[in-house]
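Data block below; observations after.
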Amino acid sequence: MEHYIINILETLLGILNEMSPYILLGFLCAGLLHAFVKHDFMAHHFSGNGFRQSFKAALLGVPLPLCSCGVLPTAISLRRNGASPAATTSFLIATPQTGVDSIAATYSLLGLGFAITRPVAAFISAVLGGTLMGRLTKETDAQPSSATTRTPEPDLSLRERIIKTFRYGFIDMVGSVGKWLIIGLIIAALITVLVPDAFFIRFADYPILAMLAVVVIAVPMYVCATGSIPIALSLMMKGLSPGTAFVFLMAGPAVNFASYALLSRTMGRRNTLIYIAIIASSAIITGCVIDYLLPSGWFLPRMTQGDCCAHHATSFSFSTICSIILISLMIYTHIIKPLTTKKGHITMAKEYRIDGMACVHCKNRVEKELATLPGVTSVIVDLDKKTATVEGDIAESTIRDKVNSLGYEYIEQIR
């Protein structure tokens, strides 16, 4: 038993060391995108229900570092502010599959072939899926069901934007994907050490069957684009084909049970099922292209199973420093910051239940937007309880309208 625990820890630390420099670089790029690209710019270019709008939505969605839960309120808000079903679907498909952080992390573990194919496949599937949704959607459904007023973004100085870059990239983003990255790393280490090679070898001669099995497993589960990388690597180490591993990279981050429930309420069950079918079919088609049409040498992982297990505690390298920084950021965002927030908890305030919040990105967005409302003096969101505690003189209807406009679902006032 002790031997297995040591192997799991060594594998876990080895993968973390390999990924951490690229993940930190991706978080920095994510902060730059957030601070220097206005959200209204995206909404302005998403009107229209054709190929051009799907193309724009995919082009803008591919580099954005939003997970499948973080992208939902953004896409729904765009929809309610004028984005077409085609553009919304394209954005929903492209954004969670990849991002600047996951592209860098993909290269660190899986190599250049995967790092290039991943955003290309996300872009193509998003454009085709959005265009198909536009053709299948009735003209009467092309306009959003409700319109809302966007909160104007303030003009910030260069210094303020730099601060915003680091706060979003290394605090908010770490809080958003950090937990899922850890889960992905742990699952990968467990698969690598505990699952017998023979279990996956039986699927090695039947890649398409393996792809179908991976889709069935990946679609309902939640995993972010970055967290899916070590799992895909572990699957390849156990004998599955690169195409099968890519199916997990594509289908895992794009959809889950939570996103299905929320999309069904806002886009309709029919459109949501079409959306899921597009993702699943695109993943399998891309996997087949990788296995049967492209050179296998393009998809050899940079990291082997031996590398995973070869963690040298005495080697205080640049990667080790990056791992320490990354772990420190995770400790701060997931332990220290929540404890500090609870100490300042508001007792004399109104509490509201909100559905649809699934990650720290959602929490921060609701807190930020509610705090801009006239009369609000303080807002604290409890992600676990799905509640927002608001202090100030403000009507319940105003809170309800603002929450719904952000793409979340206002349930009720608790007290």
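Need the full-extension length gain, PHE166 to ILE124, defined as separation in residues times 0.36 nm minus the C-alpha distance. One decimal, nm. Walk me through the numbers on the way to the answer.
Details: separation 42, 0.36 × 42 = 15.12 nm, distance 3.13 nm.
So the extension gain works out to 12.0 nm.
Between ARG353 and SER378, 0.36 nm times their residue separation minus their Cα-Cα distance comes to what? Before the final figure, lay out the partial values.
Numbers: separation 25, 0.36 × 25 = 9.00 nm, distance 1.64 nm.
Stretched out fully, the ARG353 to SER378 stretch lengthens by 7.4 nm.
Given the peptides 233-244, 10-21, 373-384, arrange them by the average over their residues of other C-beta atoms within 10 Å, most packed first. Before the final figure, lay out the partial values.
Numbers: 233-244: 24.2, 10-21: 22.6, 373-384: 15.3.
In descending order of packing, they fall as 233-244, 10-21, 373-384.
Label zone (ILE201, point 7 Å along Cα-to-C-beta; backbone nitrogen cut-off 18 Å) within the range 220-242: 234-242.
Peptides 385-393, 83-91, 107-115 ranked from most to least packed, by the mean per-residue count of other Cβ atoms within 10 Å: 83-91, 107-115, 385-393. Assign one of three labels to the range 349-415, namely rounded, prolate or oblate, based on the Cα gyration tensor with a ≥ b ≥ c the square roots of its eigenvalues; rounded applies when a/c is under 1.5, prolate when it is not and a/b is larger than b/c, and oblate otherwise. Rounded shape, in that the Cα axes give a/c under 1.5.
If packing is taken as the average count of other Cβ atoms within 10 Å, what order do 285-295, 52-62 fall into, highest mean first? Walk me through the numbers before you get to the answer.
Numbers: 285-295: 16.9, 52-62: 22.8.
Descending packing order for the listed peptides: 52-62, 285-295.
Once you have the Cα-Cα distance between ILE331 and LEU194, take 0.36 nm times their residue separation minus that, and quote the gain in nm to one decimal. The partial results should precede the final answer.
On the way: separation 137, 0.36 × 137 = 49.32 nm, distance 2.74 nm.
Length gained, ILE331 through LEU194: 46.6 nm.
Bear in mind these aren't lab numbers, they're just calculated from the coordinates by the rules spelled out. Everything numeric here is computed off the predicted structure, so don't read it as measured data. All Cβ positions, even for glycine, are placed from backbone atoms using ideal geometry, and neighbour counts span all protein chains on display.
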